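Below is one structure, written out as structure tokens; the observations come after it.
The values are calculated or read from the model by the stated rules, or taken from the named source; none is laboratory data. All figures in this text were calculated on a predicted structure; none of them were measured in a lab. Every residue, glycine among them, receives a Cβ derived from its backbone with ideal geometry; neighbour counts consider all protein chains shown.
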Amino acid sequence: MTGLVLSGVARDFAEPTPRHVLRGIDLSIAQGEFVSLVGPSGAGKTTLLRIIAGLDTHHTGSVTWQATRRPRFGIVFQEPRLVPWLTILDNLLLVSGPENAARARGLLAEVELAGSEDALPGQLSGGMQRRAALARALLVEPDVLLPDEPLISLDTALAERMRRLLNTYWRDHRTTTLLVTHNLSEAAELSTRILILSPGEGKLMADCALPPPDPRLRNDRAVSVVLEELRRVTHAWPPSDSPEKQDAPSALSHAAGRY
Amino acid sequence: MSRLAGALPIRFGAGWNRLLSLITLLALWQAAATLVADPGLLPSPFATFRAGYAELMRGELLFHVGITLARVAVAFALAMLIGSAIGIVLGRSPVLDQIFSGWLVIGLNLPALVTMVLCYVWFGLTEVAAILAVTINKVPTVAAIVREGTRALDRPLFEMTQVFGVKPIRVLTRVILPQLAPSLMAAARAGLALTWKIVLVVELLGRPNGVGFQIRTFFNYFDIASILAYSLAFIAAVIAIEAFVLQPLDRRLGRWRRA
């Protein structure tokens, strides 16, 4: 099997107060899986993403990519992290090389930024900058896509279109993806597998495989089936009339209370 | 009253104010020269310009000013290059900084005259020794300023380039150097002022040409008018560099901030 294997990954923070952020995470993600990592703020989602991306090296345990070469990562940080003095197009070409200008323009069009190629990041809205950051991650044709809350500050309609873009991209490329989100319905719509990080414990609370998400997008009934399944797995999902509005933090703190 | 003042044509543009200030300085000089009444001690502005014109006609003025400017340019370029490299390395590596920051303090406090004398003693009264002496004097200043700029580099952007595996040369030219531009400009300004003053002394001590050499020659003849004429010509050259090279460069580098 090729893919990403984490064994015994643990990470302690000394600041501001000493605490275990992650404890003994064992996880293997096969090539082509779309995994959503769900959990409330402070559960260690971003820390785990940073460890996988190689940005956080102060951890124990190992992260290995079982393939012939080092993986190419496409990361979308929570903040856009665009270079302020480079135009949007130049920001994309910074990571891919100038020979990919045509593809970069195409991707910018897909994230609805056609016409903003020559703008500086500071001239765009926060949501537009985040979409540029997503296009940048897709441009490198990553082996592993690591979006950290990529849709968080987008309005509902736009978030919907971006979800569809992520879904289309995954269907076309079958890129191994680890999406960090606190939004369960977003996870349910997009993933083949949902991981839930339990708040405060730094452990995986649930690991739930789902059928491929091809027909699931915008299908409310299918999403509620997924949420039902999650509820079964975690034994403690609070009943709700509108699973769409179900937010992980409240649901999980509730769940943790009954655990 | 205020309406009247506003209506009076006493509001000049910035250019007129500068011209007025220059004329005042010339008037003060003329007044002082009249008061001293000894052209050997303080020649009038007119006598100075006449001496300068004579030197210009003989071809001496442009030759010596040119030689000096060439030395300034070479020493300045070398010091900027070496100093920036040292500054970037020390700013990025805390260990190297701990080891070598003491050396930097010694370099910053080394009297310029000592380096000049030592260079001339060790390498002879040669061009290389002269350039080396000036360069050594300026390198620590540049390194110290660039080190501060490097310490303030944007860490999130650097992480982004790290995850995407951007080529180091591209990281340097597109991400690091633009952030260092203000420090480099500050180092260039501080450095240029320092360099040309030191170059004159180096020429005075051990070169057969250049403005410094000419000033020593005129000093031997107590030709104050020619000394002042050379000083003015050189000041004009340095102001021209500031106005036509450094300031446009500064504006160009800072363009994205105003976007």
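Where residues in region A:67-87 are within 7 Å of chain B (Cβ to nearest Cβ) and aliphatic (A, V, I, L, M), which of them is nearest to the chain's Cα centre (by Cα)?
Taking the candidates together, the pick is A:I75.
Residue by residue through region A:3-19, note down the ones that are in contact with a Phe, Trp or Tyr (Cβ under 8 Å, 6 or more places away or on another chain) and either part of a loop (DSSP other than H, G, I, E, B) or more than 11 Å from A:T64 (Cα to Cα) (or both).
A:R19
Output the number of residues of region A:100-132 satisfying the condition of being within 13 Å of chain B (Cβ to nearest Cβ), surrounded by fewer than 16 Cβ atoms within 10 Å (Cβ to Cβ) and farther than 20 Å from A:S153 by Cα.
Looking only at that region, the number is 1.
Being in a loop (DSSP other than H, G, I, E, B) and over 26 Å from B:K167 (Cα atoms) is the filter; apply it to region A:121-151 and report the residue that is modelled with the lowest pLDDT.
Of everything passing the filter in region A:121-151, A:L151 is modelled with the lowest pLDDT.
Please enumerate the residues belonging to region A:1-44 that are polar (S, T, N, Q) and modelled with pLDDT of 85 or more.
A:S7, A:S28, A:Q31, A:S36
Being out of contact with any Asp or Glu (no Cβ under 6 Å at 6 or more places or on another chain) and in a helix (DSSP H, G or I) is the requirement here; does B:F218 meet it?
For B:F218, the condition - out of contact with any Asp or Glu (no Cβ under 6 Å at 6 or more places or on another chain) and in a helix (DSSP H, G or I) - is met.
Taking region A:56-88, which residues are touching a helix residue (DSSP H, G or I) at 6+ places or on another chain (Cβ under 6 Å) and farther than 18 Å from A:T176 by Cβ?
A:D56, A:H59, A:P80, A:R81, A:L82, A:V83, A:P84, A:W85, A:I88
All but one of (1) under 13 Å from A:I88 (Cα atoms); (2) assigned to a helix (DSSP H, G or I); (3) of a type outside the set (F, W, Y); (4) touching a Ser or Thr at 6+ places or on another chain (Cβ under 8 Å) hold for A:D118; state the number of the condition that does not hold.
If we test A:D118 against (1) under 13 Å from A:I88 (Cα atoms); (2) assigned to a helix (DSSP H, G or I); (3) of a type outside the set (F, W, Y); (4) touching a Ser or Thr at 6+ places or on another chain (Cβ under 8 Å), just (2) comes out false.
So how many residues does region B:78-100 have that are surrounded by 14 or more Cβ atoms within 10 Å (Cβ to Cβ) and either of a type in the set (F, W, Y) or over 23 Å from B:L172 (Cα atoms) (or both)? Give the derivation first.
Step one: list which residues in region B:78-100 are surrounded by 14 or more Cβ atoms within 10 Å (Cβ to Cβ), which gives B:78-80, B:82-92, B:97, B:100.
Applying the additional criterion that residues be either of a type in the set (F, W, Y) or over 23 Å from B:L172 (Cα atoms) (or both) yields B:100.
Going through region B:78-100 one residue at a time, the tally reaches 1.
Could you tell me how many of the residues in region B:110-163 are touching a residue at least 24 places away in the same chain (Cβ under 8 Å) and within 14 Å of another protein chain (Cβ to nearest Cβ)?
Looking only at that region, the number is 2.
Looking at A:G106, is it over 22 Å from B:Q162 (Cα atoms) and in contact (Cβ under 8 Å) with a residue 40 or more places away in the chain?
Answer is no for this residue.
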